[in-house]
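So the structure is just underneath, and the comments pick up after that.
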Amino acid sequence: MLFANKLIASRKYKLLAPLRAVACICFASAVAFSATLEAAPKPKFLFDISGNESTIGDIKPAFIDFGSDPVPTIPIKEIIRRYKQLFDSTDDPVIRIDALWRLNALEQKFGSEKEISAKDEQLLYKRAVESYEALIAMPSPPYPLEQLLYQAAKAYDLTGAQEKSIQSLERLVKRFPKSDLAAEAWFRIGEFQFSNAQYALADQSYQQTAKRGSSTRFYDKALFMSGWARFKADDKDQALESFSQVLDVAYEQDKSLEKLSRLEQETVDDSMRAMSMIFSYADDPLQTARMLHRYEKKPYIHHLYGHLSGFYLEQERYEDSASVNRSFIDLFPNSEWAPVFAARNIETYKQAQFSSKLIAEKRAFVSRYAGKDSKVSGFSVEAKEKLIPYLREYLDDLSHLDYLSAQSEKNREKQIALYQNAAEYYETYAELIPGDKESGVKLFLAGESYFNANNYAAAVPVYLKSAYQHPAHKKSRDAAYGAILSFRNTSEGLALAQLLKESTTGGSDSRRVEATNRGLQQELKLSLKFAETFPEDSQTPALLANAANLQYQSGAYLAATESAGRIVANKRSQPSLKKTAYLLMANAYYEQQKFVLAEENFKLLMPLLVANDAELRGNVLAKLSASIYKQAEAAAAAGNWEQAVDTYIRLTHETPNSEYKVNALYDASAELLKHQQWQRAIPLMVEFKQEFPNHRLTNEISDKLVIAYLESGNGLFAADALLTLANEQQGTEKARKALYQSAELFQESGRQDQAAMLFKRYQNEYPKPVGYAIEAAKKLSDYYAQNANVKAQQEWLQKIIEIDRSAKDERSDRTLFLAAEASLWFAEDDKQQFDRIKLTQPLKASMAKKRQALTTTVDAYQRTAAYGVAEFRTQAAYRLAEIYGQLSKDLLGSAVPAGLDELQQEQYTILLEEQAYPFEEKSIELHEINIKNTRDGIYDKWVQKSYAELARIFPARYSRKVSVIDYAENAY
Amino acid sequence: MPKMLTKYSALLVITLIAGCATNKPDQGGVAELVAKAHLPVKSLTAEQQAKYSAALTLLKSGDLSGAELSFKELSLLLPDASGVFANLGVIAEAQNDEPSAIEYYNKSLSLNPSNVVALNNLGAIHTRAGHFKEASKLYLTAFKNKPDNTSVLLNLAVLNELYLHDLNSAVKYYELYQARLASPDEIIAARISDLGRRAD
C-alpha cells in the first residue's frame, strides 16, 4: 500500500477537463437528489454554460469548492456510496477513474468515514487498474499519461501488485523524466529496490529523486534512504554522505536539530544513529576521527560527535565515548559545544565509575572553562550561562575533594599544593557565580585553604571578599577574622610587628611607626572593619585595642581615642582591655594637648591597675600629674591665674608624690605673689621649703616667702624666715642681709630682746660693711638705753664712735651722724656731771673741780662739734654757751664765805663778778656763734634756744618781734 | 646824711636794682607773685563796698568769728578779691590757725601778687618758721610795691639784723622805717647806732 497513505496525504487533485462535465452532471444529480431530502443547499458547483456548447464535452468544467463552504448536508457516506455505485456501474474507464479519484478525494478528506472495507477497496482498485491500463493503452488517453501511469502504479500498489506498480513507475520516469511525479516515482522505485535488497539500485533511484531538488517532498526521504541503501551496500562513506545531506536539510529547518516534527526528528535521529554506527565501525579512533573530520565544517558537527559519543556510551564503550568527546574538544576548543562534550566525558566516567579519570576530567573542565586561560571569551551569554551549573558542581566537588585530601595529607609539600588547588577552586566558584548564595562561604573556604597553604597574601583579599562583599553568611565573621590573621602572617604584617616591637622596646631604630606605613594602614583597616561589622564579637575589643595602639604609635591620636573609646563602650571588653583603652585615650589626649580629657582618662584608668602594675601605676601618676600641670599652665597663659593656682594646688593634693609638685608649688606661689595674694602664697612656699629643702629654687622661695610675710604684715614670720635663711647660708652676703633684716623685723614686731641678740650677733659676725655695723651698734645702744643699762649703752655708744673712727673709705654722713650723736651723749653725760658739782666753800677747791669738769665737758662738746653734723653742732654750741652761762650764774650765786664784814662782802662780790663776767661773755659769744648758723639755713631747736637765751641776756640787741598787718583795707 | 646811711642807701639802690634785674622766677610761687604785681585794680559796686566795709569793721573791732563769716561770704561774692582772702588770713592767724592763714595768704597773692598784707604777714610766718630766704623774698616784694609800709620795713630790718646777719641792710631798713614814723623812735635809733658800730 505504497501509495495509500501518500494518496491520503495528497490534497491536490487535478480534474481533467473532459471529465468535468460528467462530474458536473453527476454531482448535479446528486445535489438535486439530496435537495429533495433537505432544503435546497447553497450551490457547491460553479457552472459556466454560455449556451454555445454543442456537446457535453463543450461544457466547461465545473469545480467543486471543498474549501470553506460547509460540507453538503448530504451524508458523506451517501456520496461515497454514489461514487462507488458509479464506479461499479460504469464500464467507461474514464468515468470509472474519475469516480475513483472522487472517491479518493472524499476518503482523503473524510478518511475516518470510509465506507468501504479493505477487501472492497482492493476490489475497487483491481477494477481501477484495469481502467487505468485501458486508458494508458489508448493512443490518446483522456488524461496525461504520466498521471495515468502514476495512478496505475498507485492502484497496483494498493492491490498488492508491487512489481506492476514499479513497472508503471519505471515507465513513468522513463517516458517523463522531467515530470513532477518523477521524483516520487523514483523514490517508490528505490523503496521497492531497497525492500528487495537491491541496495545499489535503490541508491540510484533515491539519487534520482534527490536530483530533482530539495523542493520535492521526497528529497529528504530519498537522501535518508539513499544513506541506508549505501549503508546496506557497504558504501559507508557514501552512506555518511547521504545521511549528512539529510542533516543538511533538517538543519535548514531547525538549526538545533531538536525541534523538528516528529517524523523529521526521527529521520534526523536515525540518520545520526546510522552515521554513528558507521563511525563506530572504524578500526581505531584515528580512523573515526578522519571520518568525522570530513564533516567538521558542518554546523551540526557537534551533533555527530555527540551522537557518536552517546552511541558508544549506550554500548558502555566508555573510553571510546570519552575519546570522541575529547576529539571534539580538541578540534573545536572554542566551540560553545565543547563544554558539553567535556561535561559528557565527566558523566561518562561517572557512569563508568572511573574515579580518577572522572576527577581529571572535572579538573580539565574547570581549567578549560574557568581557569586563567579559559576558552569562554568568545562564548555567548547563553553559552556561558550554560556552563554555570557544570562549573558549580565541578568546582564544588574538586574544591571539597582537595580540601579534604589536604587535611589528611602528611607530606607538607603535597598538602600545600592541595590547599592551593582547593583555594583556587573555591575562589573560582565565587568569582564565576558571584550571586550564588554559597559564594560567600566558598570564599571563606578559599581563604582557609590559602591560609593552610601558607599563602597568606592570597588569603587576605579572599577572606575580605567573603566577609564584606557578599551578603552575610554563617562564615562571614570567621572570614573577617581570618583576613586579619592572614595579614599578620604576610611580609607586611610581620614587618609591622617587628617595627612595633622595636618601637616599644627602644630597639636599634626606635621610632614610632609612620602613619603612611602600608602594613599599618592595612592592619588598621582590617581591624576596624571587623569591629564595625561585628561589634558584639568577642574579638572586637582586642582588635580595637590593637588598632588604637597602632593609631597611637603612628601619631593618629584622634583616631586612637575614637578606637579606644569604642573599647570602653563595648560591653564585651574585659577589664584588661579597658585598662589599655583608658591608657591609650589618656596618652592620646595628652599628645593632643587635651589635658582635661587626659586627666579624666588617667583617673578612670587608676582603679583598673592591679598589684603588679607598679611601674605602670607610677608612670600613670606621673602623666596624670603632668596633665593637671599642663592645665594649670594653659590657664595661666590665658590669663586665668586664679584657675591656674587652683589647678596647681589640686595637683599637689591629688598627686602629692609627683615630680611636678615642686613646679606646681613654685608656679602657684609665683602667680599668687604676682597678684599680691600673700596669705595664700605663704603656705605654699612653706610647703615647698619643707618638702624640697635642697631644691635649687628653695633659696628663691625663701626670699619670696620673706616678701610675702612682709607684705602681709607678718613681720615676725618674716623675721623667722630671714633668720632661718641667715642660718642656712651663714657667711654669705645674703645671710648677712637676712640676719640684719631679721633683727629689724623682730625689733619692729616688739621682740626687742631677740632683736638685740641678733644685732649683737650681727655685730660679731659681720663687722663689714661699716654702714650696717654702725647701725646695729646704734640699735643696741638704743636698746640698752631703753632698758636703762647705762653701762651697756655706753659700750655701744663707744663702739659707734670707734666704728666711725676706723671706717676709712666707708665713713659717711650717717656714720658721722651716729658718731656725733654718740659723742654728744658722752658730752651730755659730762655736762650732767659738771652740773652736779656745786660751788661751795672753800670756793677755790670746788671751783677747781668745776673747772676740771668744765674742761672735760667742753672737750666733749668740742669733739661732738668736730664731727660737723649740724644738729649736734648747734646743740654742742648751745650747751657750751649754757655751761659758761651757768658757771657764771653759779659763781655769782655762790655763798659768801662767813666772817666777812660788809665791805669785805662787797669786795668779795666784786671779785666774784669779775670772775663770773668772762664766763658770761663767753656764753654770749657762744650763743652768738650758734645763731650765726642761720646763714646756712640752720634754725633748729638749739639755734632757737640760743636766740631765746640771747634775747634774755641781751634783750636790747636780740629781743625782736615781727610786725603783722592787721587788715587789708581794700578788697582789690 | 651820715656816711653810713649814704652807704646803706647805695646798698639799698643796689639791692633794688639787683631785685629788678632778677627776672628768673624761683620756686614757691614768689616769682609768680612778682610777675603779677602790676595787674590792674578792680573796683567794687557800692553794695559790695558796703559789705566789705562792714566786714572790715567787724575785724577791726575784734569780732573774729563775725568778720570771718562776712569775709567768707564776700569770698563767694568776690572770688577774685585778694583783699578778702588776705583778711581771712589775718583772721586765721589770730585764731592760731597758721596752715589756713598760709593758704588764704597764698590765695590772696594768686589773685594779687602785690597784696602787701598777704606778702608781709606770710613773710612773718616764714620768719617764725625759720624760712628766712622765703621771708626775705616776700618782704622785698612788699617793699617793692609798698616801700613805705612800716611793717614791711620793720620786718626787713629785723630779718637782716637777727637772721640774715646782714647788719648793713638792717641799718638801712631801720632808717627807712624811722623815716616813715611820724616821730623817731628812740629804741630804733639805738638799734641803728648799735648796728652801726657792729657793722664797722
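For the range A:815-849, enumerate the residues that are basic (Lys, Arg) and crowded, with 17+ Cβ neighbours inside 10 Å.
Once the filter is applied, which keeps residues that are basic (Lys, Arg) and crowded, with 17+ Cβ neighbours inside 10 Å, the range A:815-849 yields only A:Lys831.
For the range A:411-478, give me every one of the helices (runs of 4 or more DSSP H) that falls completely inside it and has 2 or more residues that are under 14 Å from A:Leu395 (Cα atoms) and among the aliphatic types (A, V, I, L, M).
A:412-432, A:439-452
Among the residues of the range A:772-785, is any polar (S, T, N, Q) and buried (at least 21 other Cβ atoms within 10 Å of the Cβ)?
Yes, the range A:772-785 contains a residue that is polar (S, T, N, Q) and buried (at least 21 other Cβ atoms within 10 Å of the Cβ).
Looking at (1) outside the structural domain of A:Leu443 (by TED's automatic domain parsing); (2) surrounded by fewer than 22 Cβ atoms within 10 Å (Cβ to Cβ); (3) within 27 Å of A:Gly440 (Cα to Cα), which is the one condition that is false for A:Gly565?
So A:Gly565 meets the others, but not (3).
Which one is farthest from the other protein chains (Cβ to nearest Cβ), of the residues in the range A:956-965 that are assigned to a loop (DSSP other than H, G, I, E, B) and either exposed (fewer than 15 other Cβ atoms within 10 Å of the Cβ) or touching a Cys at 6+ places or on another chain (Cβ under 6 Å) (or both)?
For the range A:956-965, the residue satisfying everything is A:Ser959.
Tell me yes or no: at least one residue of the range A:546-565 is hydrophobic (A, V, I, L, M, F, W, C), modelled with pLDDT of 90 or more and under 19 Å from A:Asp613 (Cβ atoms).
Yes: one or more hits.
Would you check if A:Glu146 is assigned to a helix (DSSP H, G or I), within 15 Å of A:Ser165 (Cα to Cα) and either out of contact with any strand residue (DSSP E or B) (no Cβ under 7 Å at 6 or more places or on another chain) or modelled with pLDDT under 80 (or both)?
yes
Condition check ((1) under 23 Å from B:Asp80 (Cβ atoms); (2) at pLDDT below 95; (3) part of a loop (DSSP other than H, G, I, E, B); (4) within 12 Å of chain A (Cβ to nearest Cβ)) across all residues:
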position	(1), (2), (3), (4)
B:Ile102	yes, no, no, no
B:Asn106	yes, no, no, no
B:Thr127	no, no, no, yes
B:Lys137	no, no, no, no
B:Leu140	no, no, no, no
B:Phe143	no, no, no, no
B:Val152	no, no, no, yes
B:Asn160	no, no, no, yes
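Residue-wise test of (1) loosely packed, with under 14 Cβ neighbours inside 10 Å; (2) over 20 Å from A:Lys232 (Cβ atoms); (3) among the hydroxyl-bearing types (Ser, Thr, Tyr).
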{"residue": "A:Lys255", "(1), (2), (3)": "yes, yes, no"}
{"residue": "A:Leu260", "(1), (2), (3)": "no, yes, no"}
{"residue": "A:Ser271", "(1), (2), (3)": "no, no, yes"}
{"residue": "A:Met277", "(1), (2), (3)": "no, no, no"}
{"residue": "A:Leu292", "(1), (2), (3)": "no, yes, no"}
{"residue": "A:Tyr295", "(1), (2), (3)": "no, yes, yes"}
{"residue": "A:Ile301", "(1), (2), (3)": "no, yes, no"}
{"residue": "A:Leu304", "(1), (2), (3)": "no, yes, no"}
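In contact (Cβ under 8 Å) with a residue 40 or more places away in the chain and of a type in the set (Asp, Glu): which single residue out of A:Asp940, A:Asp966 fits that description?
On the way: A:Asp966 fails: in contact (Cβ under 8 Å) with a residue 40 or more places away in the chain.
Of A:Asp940, A:Asp966, the one residue that is in contact (Cβ under 8 Å) with a residue 40 or more places away in the chain and of a type in the set (Asp, Glu) is A:Asp940.
Find all pairs meeting these conditions: Cβ atoms under 9 angstrom apart; at least six residues apart or on different chains; first residue within the range A:188-211 and under 19 Å from A:Phe243 (Cβ atoms); second residue β-branched (Val, Ile, Thr) and outside any helix (DSSP H, G or I).
Every condition considered, the pairs that remain are A:Thr209/A:Thr216; A:Ala210/A:Thr216.
Name every residue in the range A:354-403 that is touching a residue at least 12 places away in the same chain (Cβ under 8 Å), outside any helix (DSSP H, G or I) and under 36 Å from the mean Cα position of the chain (by Cα), in order of residue number.
Residue satisfying the conditions is A:Gly371 alone.
Which one is nearest to the chain's Cα centre (by Cα), of the residues in the range B:38-85 that are in a helix (DSSP H, G or I) and of a type in the set (S, T, N, Q)?
So the residue we want is B:Ser82.
Determine whether A:Val610 is buried (at least 19 other Cβ atoms within 10 Å of the Cβ) and modelled with pLDDT under 95.
No; evaluated as a whole, the condition is false for this residue.
With the requirement that a residue be more than 45 Å from the chain's Cα centre (by Cα), over 18 Å from A:Ala638 (Cβ atoms) and buried (at least 21 other Cβ atoms within 10 Å of the Cβ), what does the range A:653-684 give you?
Across the range A:653-684, the qualifying residues are A:Leu665, A:Tyr666, A:Ser669, A:Ala681, A:Ile682, A:Leu684.
What residue, of A:Ala916, A:Ala895, A:Ala968, is loosely packed, with under 14 Cβ neighbours inside 10 Å and either small (Gly, Ala, Ser) or within 13 Å of chain B (Cβ to nearest Cβ) (or both)? Even if it seems obvious, please write down each step before you answer.
Values: A:Ala916 fails: loosely packed, with under 14 Cβ neighbours inside 10 Å; A:Ala968 fails: loosely packed, with under 14 Cβ neighbours inside 10 Å.
Of A:Ala916, A:Ala895, A:Ala968, the one residue that is loosely packed, with under 14 Cβ neighbours inside 10 Å and either small (Gly, Ala, Ser) or within 13 Å of chain B (Cβ to nearest Cβ) (or both) is A:Ala895.
Could you figure out which of (1) assigned to a helix (DSSP H, G or I); (2) in contact with a helix residue (DSSP H, G or I) (Cβ under 7 Å, 6 or more places away or on another chain); (3) at pLDDT 90 or above; (4) of a type outside the set (Lys, Arg) isn't true of A:Leu891?
A:Leu891 satisfies every listed condition except (3).
Assuming A:Ile883 fulfils every condition listed in (1) closer than 30 Å to A:Arg935 by Cβ; (2) part of a loop (DSSP other than H, G, I, E, B); (3) in contact with a Lys or Arg (Cβ under 9 Å, 6 or more places away or on another chain) apart from one, which condition is it?
Result: A:Ile883 passes all but (2).
Within the range A:55-99, work out how many residues are at pLDDT 80 or above and either outside the structural domain of A:Arg127 (by TED's automatic domain parsing) or among the polar types (S, T, N, Q) (or both).
Qualifying residue count for the region: 3.
For the condition farther than 21 Å from A:Thr934 by Cα, among the small types (Gly, Ala, Ser), within 10 Å of chain A (Cβ to nearest Cβ) and surrounded by fewer than 21 Cβ atoms within 10 Å (Cβ to Cβ), what is the one hit in B:Ala86, B:Ala94, B:Ala81, B:Ala67?
B:Ala94
Could you look through the range A:929-955, keep only residues that are surrounded by fewer than 16 Cβ atoms within 10 Å (Cβ to Cβ) and facing chain B (nearest Cβ under 7 Å), and pick out the one that is nearest to B:Ala189 (Cα to Cα)?
Ranking the candidates gives A:Lys932 first.
Could you please let me know if A:Gln521 is of a type outside the set (Asp, Glu) and surrounded by fewer than 23 Cβ atoms within 10 Å (Cβ to Cβ)?
So A:Gln521 fits the description; yes.
Being buried (at least 20 other Cβ atoms within 10 Å of the Cβ) and of a type in the set (A, V, I, L, M, F, W, C), is that true of even one residue in the range A:724-731? Walk me through how you get there before you give the answer.
We begin by selecting, within the range A:724-731, every residue buried (at least 20 other Cβ atoms within 10 Å of the Cβ); these are A:725-726.
With of a type in the set (A, V, I, L, M, F, W, C) added as a condition, the list becomes A:725-726.
For the range A:724-731, residues buried (at least 20 other Cβ atoms within 10 Å of the Cβ) and of a type in the set (A, V, I, L, M, F, W, C): present.
Name, by its number, the condition in (1) at the interface with chain A (Cβ under 9 Å from one of its Cβ atoms); (2) in a helix (DSSP H, G or I) that does not hold for B:His165.
It is condition (2) that B:His165 fails.
What's the total number of residues in the range A:861-875 that are more than 11 Å from A:Glu821 (Cβ to Cβ) and in a helix (DSSP H, G or I)? Break it down stepwise before answering.
The initial filter retains those residues of the range A:861-875 that are more than 11 Å from A:Glu821 (Cβ to Cβ), namely A:861-863, A:865-866, A:868, A:870, A:873-874.
Next, from what is left, pick out any that are in a helix (DSSP H, G or I): A:861-863, A:865-866, A:870, A:873-874.
Counting residues in the range A:861-875 that are more than 11 Å from A:Glu821 (Cβ to Cβ) and in a helix (DSSP H, G or I) gives 8.
The values are calculated or read from the model by the stated rules, or taken from the named source; none is laboratory data. This one's a predicted model, so the numbers in the text were calculated from it and none came from an experiment. Virtual Cβ from ideal backbone geometry, glycine too; neighbours counted across all protein chains shown.
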